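Report on the structure given below.
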Amino acid sequence: MSQRYIVTGGAGFIGSNFIHYLLNKDTNVQILNLDKLTYAGNLDSLRSVANHVRYSFRQGDICDVGFIKDLLANFKPSAIVHFAAESHVDRSIDGPDEFINTNIFGTYNLLKQSRDYWGDLSAPEKQDFRFLHVSTDEVFGSLGKTGSFTEETPYAPNSPYSASKASSDHLVRAWFHTYGFPVLTTNCSNNYGPYQFPEKLIPVIIFSALEGNPIPVYGDGSNIRDWLYVKDHCKAIHRVIQKGRPGETYNIGGNNEKTNLEVVTTICELLDEIRPKAEGSYKSQITYVTDRPGHDKRYAIDSGKIQQELGWKPEESFESGIRKTVQWYLDNTKWVNNILSGGYRLERVGLKKR
């Protein structure tokens, strides 16, 4: 019997990569991609699978009660993988309303309608059903110079974005402990790779460099993140759906801590090698800008639980993953230009004056 997955936010960065991965990995899966197609949702990322016999797309809002109820009744999923979220910290500073609505109420609506749907399934179908909620390490707040986030780290979100994700994590937990609904939660570190919307750090660096614009670095560039190649993340999510214990959370990290300045410098050096400027280095374009409010100093993920219990570990080093990423963007400038022509111009958001 085939597995039937609803993937929310499947036209976004990680969601689209997950759909590509799953269609290639598992010939026994049928996927329905549910996406509202806001600014970060891009069906160009899925053009190569648009006519795939095991893939379909529905445009809709996870906050729409009737729409979600009908979708579940008609598609009859055996799993829901919930990526859909407003996810950019800077945008949450300028406009938190959409983050509260999508990330909190949208997740609540999915949980409520999914539990109602699950309640009507046969006993074997109930046993096999899973709801996987994809979250972030930002819910844990900021680390000092040492230590890593574990699944037991207390939540301490510092931005409207991370607060909204922390809220949705707690709702997912409550649906398991209150109703016995078979949920799983993953908290991942910073993802990078193909199909990432170009307001995020790595695409901004690449295209600011190529366009001869200043390459912005927040503060002194010393903020540290753990970088996770997106395909490694997709493999981890698939493993959690297959083998994870309902009610559990799993941290997913890349074991690749880098300062923002190290990331910028590495990309400049790769561009100097792959697509050199007529004169000088791309590093000359690095520009330090005012730090954003509530900017967490350091994130680091301890992935010991998922490695020990489920046998997953990242395959890409930062060096191998970032080379693949830079090359992908250089080879797919049409994909980026289609986004930039829609109004986003690599500008910095999150500093709107009040």
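Brief remarks on what is shown
- In the range 15-26 there is no residue matching the filter, namely being crowded, with 19+ Cβ neighbours inside 10 Å, at pLDDT below 95 and either within 23 Å of P182 (Cβ to Cβ) or in contact with a Cys (Cβ under 8 Å, 6 or more places away or on another chain) (or both).
- Any hit, the range 154-164, residues being at pLDDT below 95, assigned to a helix (DSSP H, G or I) and touching a Cys at 6+ places or on another chain (Cβ under 7 Å): no
- First in the range 181-201 and closer than 20 Å to G247 by Cα, second anywhere and surrounded by fewer than 22 Cβ atoms within 10 Å (Cβ to Cβ) and among the basic types (K, R), Cβ under 9 Å, 6 or more apart: F181/R115; P182/K126; P182/R130; V183/R130; V183/R173; L184/R130; L184/R245; T185/R173
- Qualifying residue in the range 106-123 (condition: in a helix (DSSP H, G or I) and modelled with pLDDT under 95): no
- Among strands (runs of 3 or more DSSP E) entirely within the range 1-92, having at least 1 residues that are small (G, A, S) and without any contact (Cβ under 8 Å) to a residue 60 or more places away in the chain singles out 55-59.
- Verdict on F140 being under 20 Å from T107 (Cα atoms), over 18 Å from the mean Cα position of the chain (by Cα) and either at pLDDT 95 or above or of a type outside the set (S, T, Y) (or both): no
- Elements of the type strands (runs of 3 or more DSSP E) sitting completely within the range 177-280 and holding at least 1 residues that are touching a Gly at 6+ places or on another chain (Cβ under 7 Å) and more than 21 Å from I14 (Cα to Cα): these cover 257-259.
Rundown of residues vs (1) among the aliphatic types (A, V, I, L, M); (2) surrounded by 19 or more Cβ atoms within 10 Å (Cβ to Cβ), yes/no style:
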position	(1), (2)
D61	no, no
A73	yes, no
A79	yes, yes
S92	no, yes
P96	no, no
I104	yes, yes
K112	no, no
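- Subset of the range 221-259 (residues that are at pLDDT 95 or above, buried (at least 20 other Cβ atoms within 10 Å of the Cβ) and of a type in the set (S, T, N, Q)): T249, N251
- Unique match (being surrounded by 15 or more Cβ atoms within 10 Å (Cβ to Cβ), of a type outside the set (D, E), over 16 Å from the mean Cα position of the chain (by Cα) and within 26 Å of I202 (Cα to Cα)) among V7, V49: V49
- Complete set of residues in the range 1-47 that are touching a His at 6+ places or on another chain (Cβ under 8 Å), of a type in the set (G, A, S) and farther than 24 Å from N74 by Cα: A40
- Only listed residue being closer than 30 Å to L184 by Cα and over 18 Å from the mean Cα position of the chain (by Cα), chosen from G311, G280, G321: G311
The values are calculated or read from the model by the stated rules, or taken from the named source; none is laboratory data. The model shown is predicted, which means the values in this text are computed figures rather than measured ones. Reconstructed Cβ throughout: ideal geometry from the backbone, glycine too, with neighbour counts over all protein chains shown.
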